[in-house]
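Worksheet: one structure, shown below.
The values are calculated or read from the model by the stated rules, or taken from the named source; none is laboratory data. From a predicted model like this one, the values you see are computed outputs, not experimental measurements. Don't worry about glycine lacking a Cβ; one is built from the backbone with ideal geometry, like all the others, and counts go over all protein chains shown. Heads up: the accessible areas ignore ligands, DNA and RNA and are worked out on the full protein's heavy atoms, side chains in. Shrake-Rupley method; radii C 1.70, N 1.55, O 1.52, S 1.80 Å.
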Amino acid sequence: MARITHGIGCSHIPVLGYAHDHGKDGDDYFKPAFAGFDWTREWITAPDSRPDVVILVYNDHASAFDMKVIPTFAIGCGESYTPADEGFGPRPVPVVEGHPDLAWHIAQSLVLDEFDTTIINEMEVDHGLTVPLTMMFGDVEKWPVKVIPLAVNVVTYPPPSGNRCWALGEAISRAVSSFPQDLKVQIWGTGGMSHQLQGPRAGLINKEWDNRFLDGLTGEGQDLRHVPHIEYLRETGSEGIEMVMWLIMRGALGKSTRALHRHYHVPVSNTALGHIVLEPVDPTVPPSRTLEGGSPIAQKMIA
């Protein structure tokens, strides 16, 4: 059976992609940010920890979606995804290869588990997805993992609640565990941490709040799933709401987690950079939700 082995949280700050693409990783300004990923780059390529598939939770920045279509949750079920042109040409990174079999299985399981996700077969992916891949794998001719994009609306109000995101992670865990192929799967939550890009509070960074959030991702506590939208807005800026995407990752890891690696650095551009690698302590799959009558939803797979 497939299994979720680890979760990764990672900011997807666009300037990090620019810095890497232009050979500035070692510059005085950028070096401390990139150095925090050295451990992860070595760890993730080791045979015991290298994933077969990454479910990459991110938000689109008006590359695949715009005000005409705003899905709350959208899963990519395609064969591949090309880097988007965000105004300066596409990033010079490999095409992202999908895993349609697992993606369609997750999509079906989520719908039967009462999460009505939008299914996307063709889309371009922007820095929200490609920057985390660069931070983990560096320069490669081909990404060494298959990727299932999971796009979340945190750009236009109303975004999903932290509780809904955590529950979605639990549902994804149930879906993955019912997939018959033997696969090592990681789930990455990206975006954040505290930052505001416009208005009188542009440049806001709240180190104390960010680090409490990182603390809350480890252990058995579930307080983070109940943080209201207004607290993210007040304490972490208008774009800090992106952190709810990390809760999808955390929800997929089960009852308890431990941190294998953690990195926090400010500033990067006008943004806080956060990164954490989590391992489930108890890998038990969250219990199946049931429809009326008690039939297990996660097992209702169409052959």
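Take the residues of the stretch 42-58 that are out of contact with any strand residue (DSSP E or B) (no Cβ under 6 Å at 6 or more places or on another chain) and in a loop (DSSP other than H, G, I, E, B): which is surrounded by the fewest Cβ atoms within 10 Å (Cβ to Cβ)? Don't jump to the end; show me each part of the working.
In the first step, residues of the stretch 42-58 are kept if they are out of contact with any strand residue (DSSP E or B) (no Cβ under 6 Å at 6 or more places or on another chain); the result is 42-50.
Pick out the ones that are also in a loop (DSSP other than H, G, I, E, B) and you get 45-50.
Numbers: Thr45: 13, Ala46: 8, Pro47: 5, Asp48: 7, Ser49: 17, Arg50: 14.
Only one residue fits best here, namely Pro47.
Residue pairs whose Cβ atoms lie under 8 Å apart, sitting 6 or more positions apart in sequence or on different chains, and linking a residue in the stretch 24-52 that is without any contact (Cβ under 8 Å) to a residue 60 or more places away in the chain to a partner that is of a type in the set (A, V, I, L, M, F, W, C), are Lys24/Phe30; Asp25/Ala19; Asp25/Phe34; Gly26/Phe34; Asp27/Ala19; Ser49/Trp43. Of the residues examined, His61 is one that is surrounded by fewer than 21 Cβ atoms within 10 Å (Cβ to Cβ) and either part of a loop (DSSP other than H, G, I, E, B) or among the charged types (D, E, K, R) (or both). The residues listed here are Val185, Val154; of these, the one that is closer than 21 Å to Ala64 by Cβ and in contact with a helix residue (DSSP H, G or I) (Cβ under 6 Å, 6 or more places away or on another chain) is Val154. When you scan the stretch 2-17, do you find a residue that is open to solvent by 10 Å² or more (accessible area, probe 1.4 Å), free of Cβ contacts under 8 Å to residues at least 12 places away in the same chain and under 17 Å from Val131 (Cβ atoms), even just one? Checked the stretch 2-17: no residue is open to solvent by 10 Å² or more (accessible area, probe 1.4 Å), free of Cβ contacts under 8 Å to residues at least 12 places away in the same chain and under 17 Å from Val131 (Cβ atoms).
Provide a single number: the residues in the stretch 64-91 that are among the hydroxyl-bearing types (Ser, Thr, Tyr) and assigned to a strand (DSSP E or B). Outline the logic, then answer.
Just the residues of the stretch 64-91 that are among the hydroxyl-bearing types (Ser, Thr, Tyr), to begin with: 72, 80-82.
Those left that are additionally assigned to a strand (DSSP E or B): 80-81.
Summing the residues that are among the hydroxyl-bearing types (Ser, Thr, Tyr) and assigned to a strand (DSSP E or B) in the stretch 64-91 gives 2.
This table checks each residue for (1) under 30 Å from Gly237 (Cα atoms); (2) part of a loop (DSSP other than H, G, I, E, B); (3) acidic (Asp, Glu).
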site: Val93; (1), (2), (3): no, yes, no
site: Ala107; (1), (2), (3): no, no, no
site: Val111; (1), (2), (3): no, no, no
site: Met136; (1), (2), (3): yes, no, no
site: Pro144; (1), (2), (3): no, yes, no
site: Ile148; (1), (2), (3): yes, no, no
site: Thr156; (1), (2), (3): yes, yes, no
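Going by the structure shown, is Asp85 within 23 Å of Gly7 (Cβ to Cβ), surrounded by fewer than 21 Cβ atoms within 10 Å (Cβ to Cβ) and not basic (Lys, Arg)?
Values: within 23 Å of Gly7 (Cβ to Cβ): no; surrounded by fewer than 21 Cβ atoms within 10 Å (Cβ to Cβ): yes; not basic (Lys, Arg): yes.
No, not satisfied.
Hey, which of the helices (runs of 4 or more DSSP H) in the stretch 183-263, taking only ones fully inside, have at least 2 residues that are open to solvent by 20 Å² or more (accessible area, probe 1.4 Å) and at negative phi? Don't jump to the end; show me each part of the working.
On the way: elements: 207-216, 229-236, 244-251.
Once the helices (runs of 4 or more DSSP H) in the stretch 183-263 are filtered for at least 2 residues that are open to solvent by 20 Å² or more (accessible area, probe 1.4 Å) and at negative phi, what remains is 207-216, 229-236.
Within the option set Arg3, Arg41, Arg50, Arg91, being under 28 Å from Ser194 (Cα atoms) and under 19 Å from the mean Cα position of the chain (by Cα) holds for one residue only, Arg41.
Residues of the stretch 22-38 being assigned to a loop (DSSP other than H, G, I, E, B) and within 22 Å of the chain's Cα centre (by Cα), which ones? Those that are assigned to a loop (DSSP other than H, G, I, E, B) and within 22 Å of the chain's Cα centre (by Cα): Gly36, Phe37. Of everything listed in (1) surrounded by 20 or more Cβ atoms within 10 Å (Cβ to Cβ); (2) out of contact with any helix residue (DSSP H, G or I) (no Cβ under 8 Å at 6 or more places or on another chain), the single unmet condition for Glu97 is (1).
Only residues that are surrounded by 24 or more Cβ atoms within 10 Å (Cβ to Cβ), more than 19 Å from His105 (Cβ to Cβ) and in contact with a His (Cβ under 9 Å, 6 or more places away or on another chain) were counted in the stretch 159-178, giving 1. Taking the numbered list (1) farther than 25 Å from Arg164 by Cβ; (2) touching an Asp or Glu at 6+ places or on another chain (Cβ under 6 Å) in turn, Glu97 passes all entries but (2).
Filter the stretch 264-299 down to residues that are of a type in the set (S, T, N, Q) and outside any loop (DSSP other than H, G, I, E, B) and give me whichever is modelled with the lowest pLDDT.
Thr290
Please determine, by comparing only the residues of the stretch 7-21 that are part of a helix (DSSP H, G or I) and farther than 13 Å from Gly138 by Cα, which one is farthest from the chain's Cα centre (by Cα). Here the answer is Val15.
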